[in-house]
Ligand code: GLC
Ligand code: CA
């Protein structure tokens, strides 16, 4: 297991330097599904502005907006046709300025999604690029990645290499007009930019300044570890023999020049703006040493990255799978190992984590890692909240997670799924099975793929937010762009209920803010081999320490022996009601009930203003 060389034999806890963005709670908004202010069925900027008090009330510090730029929505806005314009579905630049102003007025910040590995094929740059092959007359030709065709032994035209698009099919599209192929790692309508060309980079720096100069507080950078491709774009190894196209990951993930580009971005743009934050999306890499290169302060690149090892935990075929929709059961043991690995990595050198368990590319955590049946939904959603707010790193909460939104029901047919990744994977698999069996579509068994969709399709994270009990759960007065989940959980019914998932999140975020050990403390995994208990401590230099114990199962579990070492702590948080002061509140219970989670604090006060430990002294020297 990769570890920072310095953290291996550490005896004393190490506390990282404090930064505003490290202790921040970031709330991700997927605008189209957040709140529709004008009844057209599509969430919009004015809808977000209308809900700012709700977000402030929850304890949000930073809002991250998924893309709202002009886009044909081939990939729900991750295909941008104009970086300097708000798509009219969402509003106008004036609406954005008002949203920013109202966000700042409430003491919150706003970061934007920067999608610059690719543009839309409808972006002017690409329209120009595809207009002619003559680079002299048409310098934009070189802004994208064009290659002449190859021909097989029978003389059939084939793409320049065998790479598979991440969203299925070949990663190349033939352009009849200029008789060349262009590269698109995602859907056909998302041509990859050629970062080798300095004019492309200059254009990216310019569009970043456009938003920063208007007051945005930083960026989440879409698939930023894909921007540099290996020279010559060689064929990928055949690892999925049933497919004609193969994952080309090895040739573009964390590619040869990616760090040069990001250093340049930092020098030319980021370093000129104070108090901004940056987080790079870095899928497919599970090696902390590789990702840490983007994050170590000495490298002057980004503040942090999203790594996906935890959410890849139930991917059949791992990170090179045909599609992340393919599901396999996950084990708590793996979750513990992954969390331990990243929490302990590179702290002395300034590595900093991003903590998340949901986003717009993942299904709902309560359905996936908890139990969304009526009996356990609330408890397990709260347990997952504990598992998030007690980890070191900047915390990200995805819209709806705070009310325990769950996956769409199994009764929904494929027609309710809107995501291109879902539909393409379904179609490709159906086609493949028809070809292999010679049977018509109606006779093909697709139940395994349907199960994958029900568990893991990105669509589950994209159903509109359930605000109240009115039609379409109050998301819109019109017809929603995507069906609203059928259950009756919603914000209105939770906000004044002290026992709700919402109230738990609100309280838990306060507890995190008041206890720096939860944000900055050193991580130590306890009972590493226990099959259902996930427990750890988070200790600050000076001795203040939090203990987290969580039962990831419906069955009660005895932790009798282990508990003897844990006396003399104050209960900070529990997802079961604690009857009266003193009732188990000062002692770790010897039995954890189904999905029970608790957080305790002990040790001397660290002295920081934000520390809520209030000088409590430990009676026992070690957990
Ligand atoms: C990122 C986005 C995802 C999008 C893809 C291509 O992974 O989060 O939604 O489909 O990049 O832009
Ligand atoms: Ca609208």
Check on residue 363, within 16 Å of ligand 1 (Cβ to nearest atom), surrounded by 22 or more Cβ atoms within 10 Å (Cβ to Cβ) and outside any helix (DSSP H, G or I)
yes
Go through segment 32-64 residue by residue and tally those that are touching a strand residue (DSSP E or B) at 6+ places or on another chain (Cβ under 8 Å) and within 16 Å of ligand 1 (Cβ to nearest atom).
1
Would you point out which residue out of 255, 215, 232 is surrounded by fewer than 19 Cβ atoms within 10 Å (Cβ to Cβ) and free of Cβ contacts under 8 Å to residues at least 24 places away in the same chain?
232
Just a yes or no: is a residue in segment 92-105 within 16 Å of ligand 1 (Cβ to nearest atom) and within 25 Å of residue 27 (Cβ to Cβ)?
no
When restricted to 252, 273, the only residue in contact with a helix residue (DSSP H, G or I) (Cβ under 6 Å, 6 or more places away or on another chain) and under 27 Å from residue 132 (Cα atoms) is 252
Yes or no: segment 483-502 includes at least one residue that is within 16 Å of ligand 2 (Cβ to nearest atom) and at pLDDT 95 or above.
yes
Extreme residue, surrounded by the fewest Cβ atoms within 10 Å (Cβ to Cβ), among residues of segment 65-83 that are within 26 Å of residue 107 (Cβ to Cβ) and within 11 Å of ligand 1 (Cβ to nearest atom):
66
Residue that is modelled with the highest pLDDT [pool: residues in segment 289-327 that are assigned to a strand (DSSP E or B) and out of contact with any helix residue (DSSP H, G or I) (no Cβ under 7 Å at 6 or more places or on another chain)]
306
If we take segment 1-119, then helices (runs of 4 or more DSSP H) inside it with 2 or more residues that are more than 14 Å from ligand 2 (Cβ to nearest atom) and either modelled with pLDDT under 95 or assigned by the TED database to the domain that holds residue 348 (or both) are 52-58, 93-105
Right, residue 135: more than 30 Å from residue 53 (Cβ to Cβ) and either away from ligand 1 (no atom under 16 Å from the Cβ) or outside the structural domain of residue 65 (by the TED database) (or both) or not?
yes
Is there a residue in segment 562-577 that is modelled with pLDDT under 85 and under 20 Å from residue 393 (Cα atoms)?
no
How do the strands (runs of 3 or more DSSP E) wholly within segment 478-560 filter down when requiring 3 or more residues that are closer than 20 Å to residue 345 by Cα, free of Cβ contacts under 8 Å to residues at least 12 places away in the same chain and assigned by the TED database to the domain that holds residue 411: which remain?
none
Among residues of segment 264-288, those that are surrounded by fewer than 16 Cβ atoms within 10 Å (Cβ to Cβ) and assigned to a helix (DSSP H, G or I), counted
3
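The values are calculated or read from the model by the stated rules, or taken from the named source; none is laboratory data. Predicted model only: the values in this text are computed from it and were never measured. FYI the Cβ positions are ideal-geometry reconstructions off the backbone, even for glycines, and counts take in every protein chain you see.
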